[in-house]
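Asks: There's a structure below that I have some questions on.
The values are calculated or read from the model by the stated rules, or taken from the named source; none is laboratory data. Just so it is clear, the model here is predicted, and its values are computed rather than measured. Using ideal geometry, Cβ is built from the backbone for each residue, glycine included, and neighbour counts are taken over all protein chains shown. Just so you know, the surface numbers come from the protein's heavy atoms only, side chains and all, with ligands and any DNA or RNA stripped out. Shrake-Rupley method; radii C 1.70, N 1.55, O 1.52, S 1.80 Å.
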Amino acid sequence: MFTELPLLPADPILGLSAAYHADTNPDKVDLGVGVYKTEQGNTPILGCVKQAEAELFKTEASKVYTPPAGIPGANRAAAALAFGEEHTVIHDQRLATIQTPGGSGALRAAAELIAKARPDATVWVSTPTWGNHIPLLSSAGLTLKEYPYYNFSQQRIDFDGMLNTLSQAGKNDVVLLHACCHNPSGADLTQAQWQQLTSLASEQGFTPFIDMAYQGFGDGIAEDAYGVRLMADTLPELILAMSFSKNLGLYRERTGSLNIVAPSATAASANLSQMLSITRGLYSMPPAHGSSLVDIIYHDRTLHAQWLQELADMRERISGLRQQLVTALNHQQQHTDFSFIAEQRGMFSFLGLSEPQVTRLKSEFSVYMTDNSRINIAGVNSGNLEYLAQSVCQVLR
Ligand code: LMR
């Protein structure tokens, strides 16, 4: 059996870390995998997480299985962060929430739920989208189609193209959207565009499926959930995948949440039972550590405030780096306008380079990014900024 399978190439995003670590150039720059980094290039544990862990160490009395839906306090926290404490979908019990192993676990479980409810559904994904969306959704057997999202030559959203294509989506269709900090482009919908998209969903009857992996990295908790809350206010159904990897720095703890907004409380209960049957078949029950921390931090006034400050610090550092990068690139050359980088949000932007230029950056300058020239802005610091700008300008010549 095990002579049948060929060797696969490394994952296009995760494989960059191994290549970067194997590189002996002291000037190497890692702009690959989307993890937050400090000025020193570290990804430290947040202070609020350290304190919550100390609290958990004192109070955790058992390692018995979590309930299949996860830790109730963490589910309440996830729902409140996404929809706001008082949202009608919570009040009317139209919301089914389960804890998942990361945002990826939520995406995969949702894909299975869609496949069960509507086996002939088409899921529309943005071009481009996060590299792992397509494998996660298609492994549940779903049919995928693409809608235009980012215009590479103009470095902005092609909203007319998006609306035109999605006007073909109907009742059987699901449309995958990024709540904020679009991965990989960094280009987010405006509030007016969310409103237009919500009207289109209402007219056409398609179900929005929102991936919110970077809540708080764009403009703030409530601001980044604008589209989620608007759609939940207006539409009968919604799927929401959430991740705490980035905004609580819980990457390896695999802490996420799947939320289904259903037309009624009865439908929400039925979908909850289906989600639990799906996850029982995938991984039985979710891990506890990360979600215990979410529960503690969300419900402790001091830790909650500390978290919001730490999140704001990460967000503001990234937005400062965006401006610094534009200045450094403009200082080196005048042919390409990079000002769009300062206008975008979250960890990522495209530099707009070709694949051969990205390959040259890796092989000649030890500057690592995905082949489509997506960079993790958080990987920039004052020590590598000038070298990065010079290297990019060398390959642009
Ligand atoms: C990324 O896009 O780099 C991150 O979300 C990490 C991942 O799993 O791909």
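Asks: What residues of region 164-183 lie in the reach of a label at residue 270, counting those whose backbone N is under 17 Å from a point 7 Å from the Cα along Cα→Cβ?
Replies: Label zone hits: 172.
Asks: On average over all directions, what projected area in square nanometres does region 275-397 have, based on the convex hull of its Cα atoms? Please list the in-between numbers first.
Replies: Numbers: hull surface 44.6 nm².
With every direction weighted equally, the projected area is 11.2 nm².
Asks: Putting +1 on Lys and Arg Cβ atoms and -1 on Asp and Glu Cβ atoms, find which of 153, 382, 250 reaches farthest to the positive end of the dipole of the chain.
Replies: Most positive-ward Cα: 250.
Asks: Working from the alpha-carbon coordinates of region 306-366, get Rg over Rh, Rh being the Kirkwood radius. Could the numbers behind the result be given before it?
Replies: On the way: Rg = 14.3 Å, Rh = 13.3 Å.
Reported Rg/Rh, Kirkwood definition of Rh: 1.07.
Asks: Give the separation of the Cα centroids, region 142-160 to region 209-229, in Å.
Replies: After rounding, the separation between the Cα centres reads 20 Å.
Asks: Also: Counting each DSSP H run of 4 or more residues in the chain as -39500 (n - 2.57), what helix-only mean residue ellipticity at 222 nm follows after dividing by all residues, to the nearest 500 deg cm²/dmol?
Replies: Numbers: 16 runs with 182 residues, N = 397.
Per the formula, -14000 deg cm²/dmol.
Asks: What share of all Cα pairs of region 105-149, in percent, falls into each consecutive 5 Å distance bin?
Replies: 5, 25, 33, 24, 11, 2
Asks: Here's another thing I want to ask about it. From zero up to wherever the largest Cα-Cα distance of the chain sits, split into 20 Å bins and tell me the percent of pairs in each.
Replies: The distribution over the chain is 27, 57, 15, 0, given as percents.
Asks: Now, a different point. When the Kirkwood hydrodynamic radius is evaluated over all pairs of different C-alpha atoms of region 256-316, what value in angstrom, to one decimal, is obtained?
Replies: On the way: mean 1/r = 0.0701 Å⁻¹.
Evaluated over region 256-316, this radius sits at 14.3 Å.
Asks: Number of Lys-Lys pairs in the chain under 16 Å by Cα, sequence gap 8 or more or different chains? Mind dumping the intermediate values first?
Replies: Working: 28/37; 28/362; 37/246; 50/58; 50/246; 116/171; 145/171.
For the chain, the number of qualifying lysine pairs is 7.
Asks: Run the 1.4 Å probe and let me know the accessible area of residue 139, rounded to the nearest 10 Å².
Replies: Taking all protein chains as shown, residue 139 has close to 60 Å².
Asks: Take the Cα radius of gyration of region 1-90 and divide it by 2.2 N^0.38 Å, with N its residue count; two decimals is plenty. Mind showing how you got there, number by number?
Replies: Values: Rg = 20.9 Å, N = 90, 2.2 N^0.38 = 12.2 Å.
Here the Cα radius of gyration is 1.72 times the empirical estimate.
Asks: Treating each Cα of region 192-296 as an identical point scatterer and ignoring solvent, apply the Debye formula and state log10 I(q)/I(0) at q = 0.12, 0.19, 0.21 Å⁻¹.
Replies: -0.49, -1.10, -1.21
Asks: Here's a follow-up. Between the DSSP loop rule and a limit of at most 11 other Cβ atoms within 10 Å, which trypsin sites (Lys or Arg not before Pro) in region 9-115 are left? Each step should come with its number before you reach the end.
Replies: Details: sites: 28, 37, 50, 58, 63, 76, 94, 108; in loops: 28, 37, 63, 94.
Those that pass, being in a loop and sparsely packed, are 63.
Asks: Right, another one. May I ask which residue of 183, 209, 105 lies farthest towards the positive end of the charge dipole of region 87-228, with charges of +1 (Lys, Arg) and -1 (Asp, Glu) on Cβ and the Cα centre as origin?
Replies: Final value for the positive-end residue is 105.
Asks: Continuing with the same structure: What figure, in Å² to the nearest 10, do you get for the accessible area of residue 223 with a 1.4 Å probe and non-protein molecules left out?
Replies: 100 Å²
Asks: Taking region 290-349, which trypsin sites (Lys or Arg not before Pro) meet the DSSP loop condition and have no more than 10 other C-beta atoms within 10 Å?
Replies: none
Asks: Now for a separate question. Just name one of 271, 33, 82: the one whose Cα is farthest towards the positive end of the charge dipole of the chain (beta-carbon charges, Lys/Arg +1, Asp/Glu -1).
Replies: 271
Asks: Something else: About the Cα centre, and with charges only on the beta carbon of Lys, Arg (+1) and Asp, Glu (-1), how big is the dipole of region 137-279? Nearest 20 debye, please.
Replies: Working: 7 positive and 13 negative charges, 75 e Å.
That gives a dipole near 360 debye.
Asks: If each of residue 86 and residue 168 carries a label point 7 Å out from its Cα toward its Cβ, how far apart are those two points in nm?
Replies: Going by the 7 Å Cα→Cβ label model, 4.4 nm.
Asks: How far apart, in nanometres, would the label points at residue 312 and residue 54 be if each is projected 7 angstrom from Cα along the Cα-to-Cβ direction?
Replies: The two pseudo-label positions are separated by 2.3 nm.
Asks: Where nothing but the Cβ of Lys and Arg (+1) and of Asp and Glu (-1) is charged, how large is the charge dipole of the chain around its Cα centre, in debye to the nearest 20? Write down the numbers at each step before the final one.
Replies: On the way: 27 positive and 38 negative charges, 112 e Å.
Roughly 540 debye for the chain.
Asks: Stretched out fully, how many nm does the piece from residue 202 to residue 5 gain, at 0.36 nm a residue minus the Cα gap? All intermediate terms of the calculation are to be shown ahead of the outcome.
Replies: Values: separation 197, 0.36 × 197 = 70.92 nm, distance 4.56 nm.
Contour length minus the Cα-Cα distance gives 66.4 nm.
Asks: Still on this model: Alpha carbon centre of region 98-139 versus region 1-59: separation in Å?
Replies: Taking the Cα centre of each part, region 98-139 and region 1-59 sit 23 Å apart.
Asks: How much length, in nm to one decimal, is gained on full extension between residue 363 and residue 390, taken as 0.36 nm per residue of separation minus their Cα-Cα distance?
Replies: On the way: separation 27, 0.36 × 27 = 9.72 nm, distance 1.50 nm.
Using 0.36 nm per residue and subtracting the Cα-Cα distance, I get 8.2 nm.
Asks: Moving on to the next point. At 1.4 Å probe size, put 335, 299, 178, 21 in order of accessible surface, largest to smallest. Walk me through the intermediate numbers first.
Replies: Details: 335 175, 299 100, 178 20, 21 135 Å².
The ordering from most to least exposed comes out as 335, 21, 299, 178.
Asks: OK, next. So for the pair residue 14, residue 139, with labels modelled 7 Å out along Cα→Cβ, what separation do we get in nm?
Replies: Taking the simple label geometry, residue 14 and residue 139 are separated by 0.9 nm.
Asks: May I pose another question? Please give the contour-minus-distance gain from residue 63 to residue 22: 0.36 nm per residue of separation, less the Cα-Cα distance, rounded to one decimal in nm. All intermediate terms of the calculation are to be shown ahead of the outcome.
Replies: Values: separation 41, 0.36 × 41 = 14.76 nm, distance 3.78 nm.
Here the segment from residue 63 to residue 22 would lengthen by 11.0 nm.
Asks: Ok, one more. On the protein heavy atoms, probe 1.4 angstrom, tell me the percent of accessible surface of region 350-397 carried by carbon and sulfur.
Replies: Numbers: 820 of 1780 Å².
For region 350-397, the apolar C and S fraction of the accessible surface comes to 46 percent.
Asks: Please check: in the Gaussian network model of the chain (C-alpha springs, under 10 Å), which one of 45, 375, 318 has the largest mean-square fluctuation.
Replies: Sorting by GNM fluctuation, first place goes to 45.
Asks: GluC sites (Glu not before Pro) within region 1-101: which are DSSP loop residues with at most 13 other Cβ atoms inside 10 Å?
Replies: Working: sites: 4, 39, 53, 55, 60, 85, 86; in loops: 4, 39, 60, 85, 86.
Listed in order of number, the matching sites are 4, 39, 60, 85, 86.
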